[in-house]
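**Q** Before I ask anything, here is the structure I am working with.
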Amino acid sequence: METLWQLLKGFPQGLITGLATNGIIIGLIYFFIWKKFKVRLQKFKIQLDKNVDSKQIKREIKNTIITAAVGALISTIMIYVSTKGYTQIYFTFSSHPFFSIAGFLLLLFIDDTWFYWVHRLLHHPKLFKYIHIEHHKSNNVNPFTSMSFHFAEPLLLTIWIIPVSFIMPIYAPVLGLIQVYGLLDNIKGHLGYEFYPKWWHKTWFKYFTTSTHHNMHHSKFNGNYGVHFRIWDKLLGTEFKNYEDEFEKIKQREEAIIANN
Ligand SMILES: [Zn+2]
Ligand SMILES: [Zn+2]
């Protein structure tokens with residue numbers, strides 16, 4: 001019990017650190033893309049006709065604080081269970097070479113699979129109005145939407161890491177890397193701008209989602225449920241049929257604007 005209390009005392013510090021790092025990254029990306037270079041970057045914008053008002057941003061910032069608190073709680077639990085020796089988190093690369101090398105992709109795949117199914121469940125008509133509706137209040141997404149959730153959602157989306165860490169060896173730096181990638185990929189999905197090149201879907205990169213992919217989820221709603229990869233949406237037929245055409249259209253519009261300048 002004492003150890004638990006000691007760790008719970010670390011919660012406020014975890015919250016402040018989480019809020020500061022996430023807040024600074026999201027705030028800077030928003031400031032540069034949506035404000036400072038707004039005109040110059042207009043050609044990359046996905047939904048040209050829509051803008052974000054201060055009411056939406058205020059709601060998203062409030063939700064971001066709640067999400068950061070849930071994140072700090074999960075981190076506190078993770079630290080507690082790993083100091084108690086329940087997890088298979090390790091610090092020496094050579095202890096499990098396979099997991100040190102392949103761990104990142106494995107965790108990313110587990111994260112994407114878990115996200116896909118929880119996300120689909122949250123879209124169930126009987127459940128939607130209780131939790132996921134909060135995230136979908138943002139139609140024209142921006143970086144602040146990336147952490148704008150009802151408090152139960154970040155809990156449901158990230159809880160998988162606890163049981164997985166009990167059974168799968170996880171190299172500590174890989175765990176850090178997955179958090180950074182997760183945050184940046186989530187912001188990418190809510191950027192509101194498509195910066196990926198025109199040739200994206202002609203290469204192996206096509207298996208990774210783009211900003212357009214998740215933007216369409218917000219504007220069209222019942223499809224494109226995956227977060228990192230398109231694999232589950234492709235396999236289960238939940239990807240919007242015109243997704244690649246939409247991406248192509250945005251890229252053609254971008255080329256036309258560049259040619260006219
Ligand atoms: Zn959704
Ligand atoms: Zn979203």
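**Q** Give me the one-decimal Kirkwood hydrodynamic radius in Å for the range 126-261, with the sum taken over alpha-carbon pairs.
**A** In the range 126-261 this quantity evaluates to 16.6 Å.
**Q** What does the net charge come to around Lys137 if you take all other residues with beta carbon closer than 15 Å to its beta carbon, with K and R at +1 and D and E at -1?
**A** Net of charged neighbours comes to +2.
**Q** Averaged across orientations, what area in nm² does the convex hull of the alpha carbons in the range 92-133 project?
**A** Numbers: hull surface 15.0 nm².
For the range 92-133, the mean projected area of the Cα convex hull comes to 3.8 nm².
**Q** If neighbour count is taken as other Cβ atoms inside 10 Å, put Val39, Val141, Val118 in order from fewest to most.
**A** Val39, Val118, Val141
**Q** May I pose another question? In this model, which of Lys58/Lys137; Lys137/Lys234; Lys198/Lys249; Lys137/Lys220; Lys45/Lys198 are farther than 18 Å apart at the alpha-carbon?
**A** Long pairs (Cα-Cα over 18 Å): Lys137/Lys234.
**Q** Separate question: Counting alpha carbon pairs within less than 8 Å and at least 6 residues apart, what relative contact order, in whole percent, applies to the chain?
**A** The value is 24 percent.
**Q** If you rank Ile257, Ile29, Ile74 by fewest surrounding Cβ atoms within 10 Å, what's the result? It would help to have the intermediate numbers written out before the result.
**A** Details: Ile257 12, Ile29 20, Ile74 17.
The fewest-first ordering by Cβ neighbours comes to Ile257, Ile74, Ile29.
**Q** Could you go through the range 206-212 in sequence order and give the Karplus-derived ³J(HN,Hα) for each residue, using 6.51 cos²θ - 1.76 cosθ + 1.60 with θ = phi - 60°, rounded to whole Hz, and x for Gly and Pro?
**A** 4, 6, 8, 6, 10, 5, 4
**Q** Ranked by Cβ crowding within 10 angstrom, fewest neighbours first, how are Thr17, Thr238 ordered?
**A** Listed from fewest to most nearby Cβ atoms, that is Thr17, Thr238.
**Q** In square nanometres, what is one fourth of the surface area of the convex hull spanned by the alpha carbons of the range 2-194?
**A** That works out to 12.5 nm², a quarter of the Cα hull's surface.
**Q** Which far-off residues, 5 or more places away or on another chain, put their amide H under 5 Å from the one on Tyr171, with H placed in the peptide plane?
**A** Hits under the 5 Å cutoff: Tyr90.
**Q** Let me ask another. Taking a point 7 angstrom from the Cα of Leu121 along the C-beta vector, which residues in the range 136-160 have backbone N less than 15 Å away?
**A** Counting backbone N atoms under 15 Å from the label point, the list is 152-160.
**Q** Once R0 is set to 51 Å, what does the formula 1/(1 + (r/R0)^6) return for the Cβ-Cβ distance between Ser54 and Lys84, expressed as a FRET efficiency to the nearest 0.05?
**A** It comes out at approximately 0.65.
**Q** Let me ask something additional. List the residues whose amide H sits under 5 Å from the amide H of Phe229, counting only those 5 or more places along or on another chain, with H placed 1.01 Å from N in the peptide plane.
**A** For Phe229, whose amide H was placed from the backbone, the distant partners under 5 Å are Thr209.
We did not get these values from a lab; they are worked out from the coordinates using the rules stated. No experiment lies behind these values; they were computed from the predicted model shown. Reconstructed Cβ throughout: ideal geometry from the backbone, glycine too, with neighbour counts over all protein chains shown.
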